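Reading through the structure tokens given below for one structure.
The values are calculated or read from the model by the stated rules, or taken from the named source; none is laboratory data. Nothing here was measured: the structure is a model prediction, and the numbers come from that model. Cβ placement follows ideal geometry from the backbone for every residue including glycine, while neighbour counts extend to all protein chains displayed. Protein only, heavy atoms only, side chains kept; ligands, DNA and RNA dropped before computing areas. Shrake-Rupley method; radii C 1.70, N 1.55, O 1.52, S 1.80 Å.
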Amino acid sequence: MKLVAGLTGGALALALGVPSLALAAPAAPEAWQVASLKLAAAHKVSRGAGVTVAVLDSGVAAHAQLAGALLPEIDVVAAGDPARGTELAGLIAARDLGVAPQAKILPVRVGAKGFDAGANAVATGIDRAIAAGAKVVVSSYAKPEISPALSAAVRHAVAADVLIVAPAAPTTATTVTLGDLPGVLSVTASDESGRPVRESVSGLRIDVAAPGDHLVAPVHASLGDAYAEVSGADFAAALAGGVAALVRSKYPGLSAADVARRLGYGARRDFSLGHGVIDAADALGLPLKKLPDPKRGALLPRDEQWYFGAVRLTDAQRVTLGEGVALGLVTASVDATRPELTGRVTQQPPWGPAGRSGTEAALVAAGSGGDGLLGAAPAARLIVAADSRWVVDHGAKVVLVVDGAFTEDDAAYAVAHDAVVVAPWSDTAPVIPGVIYVRGVGQDEPTAAAHPPALSAPAYAAAGGGGGSAAIGRGPAAAGGGSATASGGPATAGGGSVAAGGSSAAGGGVSAAALVAGVAALVRAKDPGANANNVVARLLDTATPMTGASATAYGRGIVDPVGALTEGTFSVGKNPLGEPAATTPAADGDSGSRWAWVAVPIVVLVAGLLAWVLLWRHRRRPVVAAEED
């Protein structure tokens, strides 16, 4: 900790042996984060009055800048050093340089030094903060360790309409952090020029950025009040929590989910800064697309389904769950006995053993949640067959190609029957016009593509590139969530197709395509009168563009479910991805129609031969009779 301003008058006078009345408390030094966040404009609208922000760290010491702001402390663990907790609290509510100077601070000690907190202590702190009336919880917990208790506490916060803010932090291939959990706002640190700080993580795990480099924060030093220079994503999360308090004060009826949407208002997406550096004035003033209020008891994704937050899929499901839409999967079979799929799957008989990739795709697209995976369109029906035309003939309005053969003739048949076709992207497979090819994007930035997809999306991929197979192979999660054992990523769209996260076309790419297919089902449920061409246009035109040198590798960008459901109207005459050309005629009404052009001539030929044989026998009979006479 580097002190950047002196002690209070009383402490300094005591140290020098002079009367304390001779010196005044030091003024707060200039802090660049105040201008970066545009607090002068924001404070004309809101100063955080009436909002309690819980700070889960090492406790908070008294400081002149926090006079009147501190509520009685909650101690989950024994006393320790409150220095870091005081810095976090000061960034949020300091009277001169804090983001929300009229907010109340609820100190919750979960670790002796803050960074040494354990998952269960943080869980207890969240629960006690909710009970004490906090509407925003700022936690510095960044370890890749999520206990069942912590998972349950986050779900408790979501149900209680409390926003949790946490730093974006590194993980392993099989773990997630608090910031990755659905319902938690993940914040990274930016410097004074708006660039990510050197130590920051990158990837779709980041929701937003906030100043986090050489910040000025109040601290209680050994001889009294002072100011320190601090850096890191945990301090950036504190500033974001302060902006959340401003928004909750200005809009007391706004849900926690919509508060998070206001903070992440950026129209573009960056792997280093998420939706961009928070602007407090914009968070308070810009218009926000109205969504239905979150439902009590709404379905919640599993902990490892981090992509729900990355593309705000939970917000999209406030509009529709895909009711009344049939989603087709082109694969041999799926495990229809899974609890998340029971009663909603129609399969072409006879079907063989359920394939892992097909079952994964079904769960990511339309799983009903509960103890298992929650899909993008959990109320949609599923139609499964290796024959894409059978799927179309049985009513599928969205067709997801999982595996097996799929030709341009098949695409033409589906498009002619007003079906949206989605497939996993590959940099080696040929591109069929009219198909949304989806590239998988994991939590960390993928490598550049040889040629771009149409869209990109998060992919649910297990450790080792198993494409989510770990989730398919294990049983239901323990109550309260359980430790995360898999990670994945969102889908991206571009060049006429969509891309999604994942390790391969056979693994994560399939799950990313399944996510986009599920979003397409949501759009068709929301607007049943829109034809397939307009649905494709919606998905492409509302995708969040990527920035940076490799932006074209993600096609049109990351799929945006909320945008696809709420942005204006789209009326296009043709499929934006082109029109597939049928090389053979196709009849309607039966999956065997693809063979009609072969079968009809054969039938005619056989009938002709049969007629000739009968005629020959009829003519031969009198001749034989004459010879016998």
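Identification of helices (runs of 4 or more DSSP H) wholly contained in the stretch 253-349 with 1 or more residues that are closer than 29 Å to Ala411 by Cβ yields 307-310, 313-316.
If you go through the stretch 350-361 and keep only what is aliphatic (A, V, I, L, M) and part of a loop (DSSP other than H, G, I, E, B), you end up with just Ala354. For residues that are farther than 22 Å from Ala525 by Cβ and among the hydroxyl-bearing types (Ser, Thr, Tyr), tally how many sit in the stretch 328-381. So the count comes out to 5.
Of the residues Ala134, Ala153, the single one that is within 19 Å of Gly242 (Cβ to Cβ) and open to solvent by less than 20 Å² (accessible area, probe 1.4 Å) is Ala134.
Of the residues screened, Pro378 is one that is assigned to a loop (DSSP other than H, G, I, E, B) and in contact with an Asp or Glu (Cβ under 9 Å, 6 or more places away or on another chain). Here Gly324 qualifies as surrounded by fewer than 24 Cβ atoms within 10 Å (Cβ to Cβ), modelled with pLDDT of 95 or more and of a type outside the set (A, V, I, L, M, F, W, C). Would you check if Gly179 is open to solvent by 10 Å² or more (accessible area, probe 1.4 Å) and of a type outside the set (A, V, I, L, M)? Judged against the criteria, Gly179 is not a match. The set of residues in the stretch 86-108 being modelled with pLDDT of 95 or more and among the hydrophobic types (A, V, I, L, M, F, W, C) consists of Leu88, Ala89, Leu91, Ile92, Ala93, Ala94, Val99, Ala100, Ala103, Ile105, Leu106, Val108. Arg312 satisfies every condition listed in (1) in contact with a strand residue (DSSP E or B) (Cβ under 8 Å, 6 or more places away or on another chain); (2) in contact (Cβ under 8 Å) with a residue 60 or more places away in the chain except (1). Considering only residues that are of a type in the set (A, V, I, L, M, F, W, C), surrounded by 23 or more Cβ atoms within 10 Å (Cβ to Cβ) and part of a loop (DSSP other than H, G, I, E, B), which ones fall in the stretch 182-228? The answer is Val201, Leu204, Ile206. Taking first residues from the stretch 537-565 that are closer than 15 Å to Ala310 by Cα and partners that are among the aromatic types (Phe, Trp, Tyr) and at pLDDT below 90, the Cβ contacts under 8 Å between residues at least 6 apart in sequence or on separate chains come to Met546/Phe271; Met546/Tyr554.
All told, Asp371 meets the bar of being surrounded by fewer than 21 Cβ atoms within 10 Å (Cβ to Cβ), touching a Pro at 6+ places or on another chain (Cβ under 6 Å) and closer than 29 Å to Ala256 by Cβ.
Starting from residues that are surrounded by fewer than 24 Cβ atoms within 10 Å (Cβ to Cβ) and of a type in the set (S, T, N, Q), keep the ones in the stretch 304-321 and report whichever is farthest from Ser186 (Cα to Cα). Among residues in the stretch 304-321 that are surrounded by fewer than 24 Cβ atoms within 10 Å (Cβ to Cβ) and of a type in the set (S, T, N, Q), the one farthest from Ser186 (Cα to Cα) is Thr320. For Gly114, the criteria (1) assigned to a loop (DSSP other than H, G, I, E, B); (2) surrounded by fewer than 22 Cβ atoms within 10 Å (Cβ to Cβ); (3) touching a residue at least 24 places away in the same chain (Cβ under 8 Å); (4) not aliphatic (A, V, I, L, M) hold in every case but one, which is (2). Flag: Pro339 matches the condition of being farther than 20 Å from Ala543 by Cα and surrounded by fewer than 18 Cβ atoms within 10 Å (Cβ to Cβ). Of the residues making up the stretch 68-87, those that are more than 20 Å from Val136 (Cα to Cα), of a type outside the set (Val, Ile, Thr) and open to solvent by 40 Å² or more (accessible area, probe 1.4 Å) are Ala78, Ala79, Asp81.
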